Amino acid sequence: MLCYPDGSPEGAEEIRSLADLAAVADEHLGEEEIPIVIRDSDLLVDDMQRVLQLAGYGYIIYTLNSDATAIRAFPGNSGTLEQNVEQAEGVKKLAQSVAGQIFTDDMEDEEKLRAIYGYIVEHTSYDSRYYQDPNALPYESRTAYGPLEYGTAICGGFSWAFNVLCREAGIPCWNVTGMGFGEEHMWNCALIHGEYRYFDTTWDAGVTDEEQWRYFACTEEEITQNHQWGPGQEELIHALTEEDQTK
């Protein structure tokens, strides 16, 4: 890894934290290569590669180049990078539209989180093609397009929808990958009342009474009763949330 003590190469973005890395990637959506300068030599390459998986709106795959002097972008779906960028931009527009429907100017963050959570679980059903006919499962069901445009998704779509709506609300939020009930799963970690809690809209989908809040703002102890961390996820999420708490 290269860490430049004196100045930066022209046009390079400075990276001082893991969160910076994800933010820079998404700020340069559409660029194939983004020059960067790592300002914190303690950042681990594995953590940086994992946090880049949390950028891209589910449509762009980001990775560091060989000497960590640039972020490189690749299409996450079939098609060209340009086509996937167009899809990611479409997700952003959908999120802005939904945000305009569910948020009001006087809402506190908890109210916004409840509005996001309630909207997703009440308007999205699990895409049963995942089990019945996996080859027929559209890629959109793995992204925020599923819940926000079509009302169907698997866990990746639920999680991305929660993520992008939190971005619209200005609430820090991360996707978390791992296992749930013996299957690959994705859920979220978001800031509420000054601390990070866990949210799983997938497992509350379709519930419209008080039960729909079972997995809203769970503590880590609560969520890990039936959610298991994926490789490196516990360390990554802890690193990201600790960064935010020390700002």
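The values are calculated or read from the model by the stated rules, or taken from the named source; none is laboratory data. From a predicted model like this one, the values you see are computed outputs, not experimental measurements. Please note: Cβ atoms are built from the backbone with ideal geometry, for glycine as well, and neighbour counts cover all protein chains shown. Calculation scope for accessible area: heavy atoms of the full protein, side chains included, ligands and nucleic acids excluded. Shrake-Rupley method; radii C 1.70, N 1.55, O 1.52, S 1.80 Å.
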Compactness check, the range 132-247: C-alpha Rg relative to the 2.2 N^0.38 Å globular estimate gives 1.06
Over its alpha-carbon atoms, the range 79-192 yields an Rg and a Dmax in Å of 14.2, 45
Here Rg/Rh (Cα, Kirkwood) for the range 1-118 equals 1.06
Magnitude of the Cβ-charge dipole (Lys and Arg +1, Asp and Glu -1) of the chain about the Cα centre, nearest 20 debye, reported as 540 debye
Length gained, residue 207-residue 53, 0.36 nm per residue minus C-alpha separation, equals 52.5 nm
The range 82-136 -> Rg/Rh from Cα coords, Kirkwood Rh, value 1.11
Karplus ³J(HN,Hα) for the range 43-48 (6.51 cos²θ - 1.76 cosθ + 1.60, θ = phi - 60°; Hz, whole; x = Gly/Pro) runs 5, 8, 4, 4, 5, 5
accessible surface per residue for the chain, probe 1.4 Å, DNA/RNA/ligands not counted, whole Å² -> 48 Å²
Plugging the Cβ-Cβ distance of residue 101 and residue 234 into 1/(1 + (r/R0)^6) at R0 = 25 Å yields, to the nearest 0.05, a FRET efficiency of 0.10
The farthest towards the positive end of the charge dipole of the chain, of the residues 34, 95, 215, given +1 on Cβ of Lys and Arg and -1 on Cβ of Asp and Glu, is 95
Note to self: C-alpha centroids of the range 161-197 and the range 205-247 sit apart, in Å, by 7 Å
Stokes-Einstein D for the range 14-73 (20 °C, 1.002 mPa s, Kirkwood Rh from Cα pairs), in µm²/s, comes to 193 µm²/s
Given unit charges at Cβ for Lys, Arg (+) and Asp, Glu (-), the dipole magnitude of the range 20-128 about its Cα centre in debye, nearest 20, is 320 debye
For residue 110 and residue 72, extending 7 Å from Cα along the Cα-Cβ vector and measuring point to point gives, in nm, a value of 4.7 nm
With x for Gly and Pro, the residue-by-residue ³J(HN,Hα) of the range 217-230, computed from phi through the Karplus equation 6.51 cos²θ - 1.76 cosθ + 1.60 at θ = phi - 60° and given in whole Hz, is 6, 6, 6, 4, 4, 5, 5, 7, 5, 9, 10, 10, 4, x
Sorted by chain and number, the residues with a modelled amide H under 5 Å from that of residue 61, at a separation of 5 or more or across chains, are 74, 76
Relative to the chain, whose Cα atoms define the longest principal axis, helix 18-27 and its Cα axis are tilted in degrees, nearest 10, by 80 degrees
